[in-house]
1. Assess whether residue 325 counts as being in contact with a helix residue (DSSP H, G or I) (Cβ under 9 Å, 6 or more places away or on another chain), in contact (Cβ under 8 Å) with a residue 40 or more places away in the chain, in a helix (DSSP H, G or I) and outside the structural domain of residue 20 (by TED's automatic domain parsing).
2. Just checking, which of 228, 217 is surrounded by fewer than 16 Cβ atoms within 10 Å (Cβ to Cβ) and in contact (Cβ under 8 Å) with a residue 12 or more places away in the chain?
3. Within the stretch 84-101, is even one residue surrounded by 17 or more Cβ atoms within 10 Å (Cβ to Cβ), assigned by TED's automatic domain parsing to the domain that holds residue 147, closer than 16 Å to residue 361 by Cα and over 17 Å from the mean Cα position of the chain (by Cα)?
4. State yes or no: is residue 170 under 19 Å from residue 345 (Cβ atoms), surrounded by 12 or more Cβ atoms within 10 Å (Cβ to Cβ) and more than 23 Å from the chain's Cα centre (by Cα)?
5. Answer with yes or no whether residue 359 is assigned to a helix (DSSP H, G or I) and either surrounded by fewer than 18 Cβ atoms within 10 Å (Cβ to Cβ) or in the same structural domain as residue 133 (by TED's automatic domain parsing) (or both).
6. Restricting the search to the stretch 375-400, which residues are modelled with pLDDT of 95 or more, crowded, with 18+ Cβ neighbours inside 10 Å and farther than 18 Å from residue 299 by Cα?
7. Residue check: is residue 33 crowded, with 16+ Cβ neighbours inside 10 Å, touching a strand residue (DSSP E or B) at 6+ places or on another chain (Cβ under 6 Å) and within 20 Å of residue 131 (Cα to Cα)?
8. Considering only strands (runs of 3 or more DSSP E) fully contained in the stretch 164-276, which possess at least 2 residues that are more than 21 Å from residue 310 (Cα to Cα)?
């Protein structure tokens, strides 16, 4: 980028915590700072604040008051406000603050986390909108009844949640140490699901693991903080089945070591992922991932995972168990899929590459022109849009293999998709 853009001051608004949104926002804040931008991050706590401070990001105390936010933006001298939002309709104080300032030199770019066009004020104010995956971008247009195309895209693009390279490769001693800490023997196969309590959890991982355990008795399962009701259901059988239940962790170094020390990621979200950091992190660590397709919800997992090449996309618990058994019984299969997954995620969402695209967005709103990188990204999005439905209904087991499982899976998909379609239709009617 030109030296003029490197004088740009960027003020980032994102939540505090240990989730994917905070990881994405803080990674971009640090990388933009390394590239010479003046970056402010609105936060008063959170496990990633210290890392940002150490790399020169200015941390600014947050406020929910629009007048105070307007003063904050002006004092920082922001040329760009970068907000991470859900996309759902809400009473957004940052929109109100920008209307109070009424300065056309301040541009608003947004990372839209959940693929939603449901805030009418945002639709008017946002200069450029970035979805966290191509799948989420396609679904956002689908939800408002529009096909994503060159004619409809406008100032919308996907900028993937960025994936940094691992700080270091975990050595054998570190792997052994974390497995001993968890009580997992060297000859055991560790399946794992990293998460936080919430509505996305299902019983699929637990039910599939019970079937896996019968055929691969040296298998273990680690579940990182399922919600209380699911935890209570699993706990009585945990010891006999070799299941490890643990609280969510904000020790990112420990999680990095876990990703490289476990064997197989198993992740069956009820509503899918708009990006899926836990899936991407497992892939970056060279671990194969077993997941499910969720056409009724977010479904970026079918974009990250190339079915049969980097992991498996399933449509039933039995299918998930079958693939778990395959992986537990074959180190070669685990290694092949894991290495392919690592290459996939590095090429899809590397931090430097995605920051380049973010810089192209900054240039576009500053100069009112799109450079070749942004035009190439648009072409990539159009191409993905043509293949998305096929990906959603490409499963790791032919539906004819087990007709009963296929019938029940398709009925479930149809039911959930119909509910989602009716909800989206109702939302479009109320917004019109």
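1. yes
2. Details: 217 fails: in contact (Cβ under 8 Å) with a residue 12 or more places away in the chain.
Going through 228, 217 in turn, just one is surrounded by fewer than 16 Cβ atoms within 10 Å (Cβ to Cβ) and in contact (Cβ under 8 Å) with a residue 12 or more places away in the chain: 228.
3. No, there is no match, as no residue in the stretch 84-101 is surrounded by 17 or more Cβ atoms within 10 Å (Cβ to Cβ), assigned by TED's automatic domain parsing to the domain that holds residue 147, closer than 16 Å to residue 361 by Cα and over 17 Å from the mean Cα position of the chain (by Cα).
4. Values: under 19 Å from residue 345 (Cβ atoms): yes; surrounded by 12 or more Cβ atoms within 10 Å (Cβ to Cβ): yes; more than 23 Å from the chain's Cα centre (by Cα): yes.
Answer is yes for this residue.
5. Values: assigned to a helix (DSSP H, G or I): yes; either surrounded by fewer than 18 Cβ atoms within 10 Å (Cβ to Cβ) or in the same structural domain as residue 133 (by TED's automatic domain parsing) (or both): yes.
It is true that residue 359 is assigned to a helix (DSSP H, G or I) and either surrounded by fewer than 18 Cβ atoms within 10 Å (Cβ to Cβ) or in the same structural domain as residue 133 (by TED's automatic domain parsing) (or both).
6. Of everything in the stretch 375-400, just one residue is modelled with pLDDT of 95 or more, crowded, with 18+ Cβ neighbours inside 10 Å and farther than 18 Å from residue 299 by Cα, namely 377.
7. Working: crowded, with 16+ Cβ neighbours inside 10 Å: yes; touching a strand residue (DSSP E or B) at 6+ places or on another chain (Cβ under 6 Å): yes; within 20 Å of residue 131 (Cα to Cα): no.
Criteria not met by residue 33.
8. Values: elements: 189-193, 219-224, 243-246, 264-267.
Strands (runs of 3 or more DSSP E) meeting the threshold: 219-224, 243-246.
The values are calculated or read from the model by the stated rules, or taken from the named source; none is laboratory data. If you're wondering where the values come from, they're calculated on a predicted model, not measured in any experiment. A quick note on method: Cβ atoms are made from the backbone with ideal geometry, for glycine too, and the neighbour counts reach across all protein chains shown.
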